[in-house]
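The values are calculated or read from the model by the stated rules, or taken from the named source; none is laboratory data. Note that the coordinates shown come from a computational prediction; the quantities given were computed from them, not determined experimentally. Neighbour counts run over all protein chains shown; Cβ positions are idealised from the backbone, glycine included.
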Amino acid sequence: MRTMTAQERRPKRLILAAGGTGGHIWPALSFGAWINKKHPECDVRYICGSRPLEREIYAAAGAEPSVLPLDGSPLAGRGPAQKAARLRALSTSYGMASSLVRDFAPDAALVFGGYLSLPVIAACRRAGVRCALHEQNARAGKATRLAAKLGMEIYSGWSECDPLPKKKFIRAGVPVRDFALPARGEAWINLGLDGEAPDGPVVVAMTGSLGSRSVKDELCRAAQEEAFARWTFLFAAVSEKIESPSPNVRLLPKVWDAAQLYGLADMLVTRAGGSTLTEAAVLGIPALVVPWMKAADNHQYFNALAFAGENDGMIWTEDDGYEALVSALIKLKGIHDGKKKIAGGSGGRGGAICENLWSLLFPAF
């Protein structure tokens with residue numbers, strides 16, 4: 001039997017770099033939370049960008065990341081001035097990331113895609129630190145495609161990572177939060193909703209703000225149909241305060257504790273972010289997926305296809321029209337009636353995803 005070296009016996013140190021949007025950040029935070037629970041000896045450090053939303057998400061999770069002065073990709077700047085400013089920020093971020101890597105001396109780093117990955121990848125390569133990339137989408141982003149060309153390990157959330165050939169990535173799944181779902185009545189109260197929790201079907205819409213007004217309007221229109229009179233439609237993050245424009249519709253502000261929403265949901269209507277779709281999958285909640293067709297590289301449509309191919313889901317786009325939406329909701333109710341939500345929350349399958357990812361990073365431990 002081989003004797004472990006002093007370096008191998010030392011508690012592990014890991015950098016998790018994720019920024020830009022919640023789609024990148026929540027998987028990193030979920031994996032970090034699992035590590036803190038299962039491998040508390042491991043020292044985890046987070047790196048993020050400078051967008052206010054990024055720090056808001058980390059603060060909501062009780063994490064304190066190191067912040068690089070990046071608020072967007074130099075390739076996506078609005079005009080030459082912003083692109084030049086972002087290039088300068090990228091150079092500064094590389095220097096800061098190099099200092100962080102040098103001072104922390106991690107055993108490994110895991111970046112979660114997007115423009116924030118670039119300075120961290122460069123810093124790790126310069127320092128000789130193993131760096132892998134996690135891709136949450138079924139369509140590889142620019143950073144992922146670059147990492148593949150550099151020969152880095154790519155861990156995909158799905159069975160596809162288009163356009164990479166299967167030999168270029170390993171399917172690991174998307175780390176998700178460890179939800180303990182409350183009972184319906186408890187979740188209704190925790191969200192600050194008046195009256196008693198409904199006993200009919202509850203649809204939770206998590207379509208975000210990007211180009212989603214038409215989705216919200218069509219769902220509100222459907223709520224007025226006789227077929228949905230006993231249904232309740234909850235819309236997350238669409239209002240500054242709780243509003244009730246009609247008896248079976250509730251508009252909610254931003255909800256950080258998604259367990260309350262999932263605890264109420266019989267069905268979801270959601271955009272096709274990799275994290276949210278994986279949460280729906282591990283919780284066993286049927287979902288009507290509405291991909292945002294203007295997403296970079298059309299990755300949301302690829303995510304929707306991957307999800308619907310393996311889970312209880314359907315796809316609807318605004319181009320499909322109102323009647324198709326009504327039909328899809330009714331079919332989704334049939335799927336819901338034929339199954340049960342996963343008891344106990346996301347700990348089972350969600351924990352297996354994190355265990356798999358940990359084993360890929362540290363196969364000997």
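List of remarks:
- Total residues in the stretch 154-183, condition surrounded by fewer than 19 Cβ atoms within 10 Å (Cβ to Cβ) and assigned to a strand (DSSP E or B): 3
- The residue that is nearest to residue 176 (Cα to Cα), counting only those in the stretch 34-56 that are of a type in the set (Val, Ile, Thr) and assigned to a strand (DSSP E or B), is 44.
- Filtering the stretch 64-89 to residues that are surrounded by 20 or more Cβ atoms within 10 Å (Cβ to Cβ) and closer than 23 Å to residue 127 by Cβ leaves 65, 68, 70, 89.
- A search for C-beta distances below 9 Å between a residue of the stretch 338-365 that is under 23 Å from residue 44 (Cβ atoms) and modelled with pLDDT of 80 or more and any residue that is hydroxyl-bearing (Ser, Thr, Tyr) and part of a helix (DSSP H, G or I), counting only pairs 6+ apart in sequence or on different chains, returns 350/30; 350/278; 353/30; 353/278; 354/30.
- Residue in the stretch 90-99 that is under 22 Å from the mean Cα position of the chain (by Cα) and over 22 Å from residue 34 (Cβ atoms) present: no
- Residues in the stretch 16-33 that are at pLDDT 95 or above and either assigned to a helix (DSSP H, G or I) or not assigned by TED's automatic domain parsing to the domain that holds residue 57 (or both): 10 in all.
- Residue ID - nearest to residue 28 (Cα to Cα), chosen from residues in the stretch 57-92 that are in contact (Cβ under 8 Å) with a residue 40 or more places away in the chain and assigned to a helix (DSSP H, G or I): 60
- Cβ-Cβ distances below 6 Å connect the following pairs, each with a first residue in the stretch 208-219 that is assigned by TED's automatic domain parsing to the domain that holds residue 277 and at negative phi, a second residue that is in a loop (DSSP other than H, G, I, E, B) and modelled with pLDDT of 65 or more, and a separation of six or more residues or different chains: 210/292; 215/207; 215/290.
- From the options 66, 98, 50, residue that is farther than 29 Å from residue 259 by Cα and among the hydroxyl-bearing types (Ser, Thr, Tyr): 98
- Identification of strands (runs of 3 or more DSSP E) wholly contained in the stretch 251-365 with 2 or more residues that are within 26 Å of residue 189 (Cα to Cα) and under 20 Å from the mean Cα position of the chain (by Cα) yields 267-270, 287-289.
- Restricting the first member to the stretch 153-164 and to residues that are closer than 13 Å to residue 303 by Cα, and the second to residues that are polar (S, T, N, Q) and not in a loop (DSSP other than H, G, I, E, B), the beta-carbon pairs closer than 7 Å and six or more apart or on different chains are 157/278.
- Residue check for residue 237: small (Gly, Ala, Ser), surrounded by 15 or more Cβ atoms within 10 Å (Cβ to Cβ) and assigned to a helix (DSSP H, G or I): no
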